[in-house]
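One structure below.
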Amino acid sequence: MALESSSGHAFYRKVRRRLGLHHLRRSASGISTYPRINHTWPSSQQDKDHLRNHTVVVDVEGGLLRSSSTFPYFMLVAIEAGSFLRGLVLLCVYLLLCCLPLPEEAKLKVVVMVCFLGLEKEKVKTVARATLPKHFLEDVAMEGFEAVRGVQIVVGVSSVIPRIMLEVFLKDHLGMKAVVGREVKAIEGFYVGLLEKRSEEFSELAEGSAEKTGFGSSSSYSAHGHHHLFSWCQEVYLVTPEEKGEWSPLTREQHPRPLIFHDGRLAFRPTPEATLAMFTWFPFAVALTIVRTLIFVSLPYSASVPIGAMTGVTTRVINSPTSTTGQVKPKHPAPTNPKGHLYVCNHRTLLDPIYIATMLNKKVSAVTYSVSRLSEWLSPIPTFRLTRDRDEDGRRMEQALQRGDLVVCPEGTTCREPYLLRFSPLSLELVDEVYPVALVNLSSMFDGTSTGRFKWLDSFYYFMNPRPTYHVEFMDKMSTRMVINGKKSNSKQVVNMVQGEIGRVLGFKCTELTRRMKYLMLTGEEGLVDANQ
């Protein structure tokens, strides 16, 4: 069951009427005529330029996404806006529906009911903004995107995926003019799970374009709903299932808008098979994360790494500053001043300072901001809470350096993708030299970062992965008192050089984005966390 709708003529007649297209494709006798069908998208530059002045109506499932199954997107909403229990119920219901000889429309209504019933509308909007775009982008076909790229007016239409799930992605990430889709009934800000046969109003949708061209799949076109989907178009281009089977995904360089921030606990595409595997693993993962946490919290560093490796935790260190006996090598000698070493790293998870301390095989301190009290209590290394007051934070970091080595993540927040956020220069103003550390973590099932209320669970989710992996690379120290173009450098120039060196080693792209920008993009808030959580 691919959750493809056969909703019938009524829905598309209503959509056509709302879009002002019900009068199109009528012959002199008043009988509707069919659009011209083509199986080859225009390839010449002249034909492409001609299409740019059309309104292109693209079937999202048939002409844009590689997979015909929409189950993963409903599962993401069920888990991220609801809970893992709701996701488990949805999976069981879906597997049962696959065995029943019900119409596709009836199956879709049941799935929507299980997925949406009782969910807060704002939570679903947050998932649609912060979680779904990544998974949609991974499923967009390069060929489908190339077909509509450059067209002035593109309308995305879906008879399966509710508009609330699609609109942000299609408009903000692909630049579509409008989105037509099913609506889920909501009362006083909560969904009741009923699928309505209406679409969002779009006034003057086809303004400036006299002709409409459809683009989709021949397999979708054969269904009743998709037959009426394209009936208002003068011409329809269809691809065969065999052609879609050869479509390739968009590469990161081909994304119309870089995807730097995203949220959600699931690190994989939740197909029915993958979701079943995840729920089968879940009970073992809960027990395993407790064991792994106890290992890293209670055991000495020299013992926690090999014992943790026996449970599946993989750690790779490059240019290790410790010898085989666990003693610090001369590469990072004891400082001549009373201050400790300052280690500056990119921020992947809350475990970054702990992994650095483990690889150094010695106690280090770490500065934190908006970290829960539970996370601080469980930390095996001392932590110092920052206030975002520059003078006060500088004083606290100065005190930490007087006591020993300190780990700082100048980005101020985590970033999952291969990008580095803007580094804060404050910590570099306190020392004469800094030791950069480049970090990469790999998660196959659960992401160990979040922007929600339950950030205190981040480390537990990371250790729930079957084989959580960390790569730690210690880089050569850098002076913070260097001379650039004959002038003494300032802290911002130095921190940009440190950021650039870490980015070069990791192959990450440096940006000027900040923690505040991240949280505003994903949650619409500043990103403060209650310290009492």
Per-residue HN-Hα couplings for segment 454-463 [Karplus 6.51, -1.76, 1.60; θ = phi - 60°; Hz; x = Gly/Pro]: 9, 5, 5, 8, 4, 5, 5, 5, 4, 6
DSSP-loop trypsin sites (Lys or Arg not before Pro) across segment 131-183, with at most 15 other Cβ within 10 angstrom: R149
Gain in span if fully extended, A309 to W247, counting 0.36 nm per residue against the direct Cα distance: 18.4 nm
Difference of contour (0.36 nm per residue) and Cα-Cα distance, S83 to D476: 137.0 nm
Share of pairwise Cα separations in segment 399-447, more than 12 Å, in percent: 73
For T315, residues with placed amide H under 5 Å, excluding near neighbours: Y470
Cut-off under 5 Å, modelled amide H: who pairs with T213 long-range: T55, V56, V57
Cut-off under 5 Å, modelled amide H: who pairs with M176 long-range: K171
Label-point separation in nm, E120 to I290, each point 7 Å along Cα→Cβ: 2.9
D389 paired with L96, simple spin-label distance in nm, labels 7 Å along Cα-to-beta-carbon: 5.8
Derived scalar couplings ³J(HN,Hα) [segment 58-75; Karplus, 6.51 cos²θ - 1.76 cosθ + 1.60; whole Hz; x for Gly, Pro]: 10, 6, 4, 6, x, x, 10, 8, 6, 8, 8, 8, 9, 4, x, 6, 5, 5
Fully extended contour minus Cα-Cα distance, from F454 to L442, at 0.36 nm per residue: 2.2 nm
Distance between modelled label sites at S491 and L194, nm, 7 Å Cα→Cβ extension: 6.0
Residue pairs, from the table K362/K492; K109/K185; K177/K509; K125/K518, whose Cα atoms sit over 19 Å apart: K362/K492; K177/K509
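The numbers here are math on the coordinates, done by the rules we state, and not lab data. Note that the structure is a prediction, hence the values are computed from the model and not measured. No Cβ is skipped: glycine too gets one built from the backbone with ideal geometry, and neighbour counts run over all protein chains shown.
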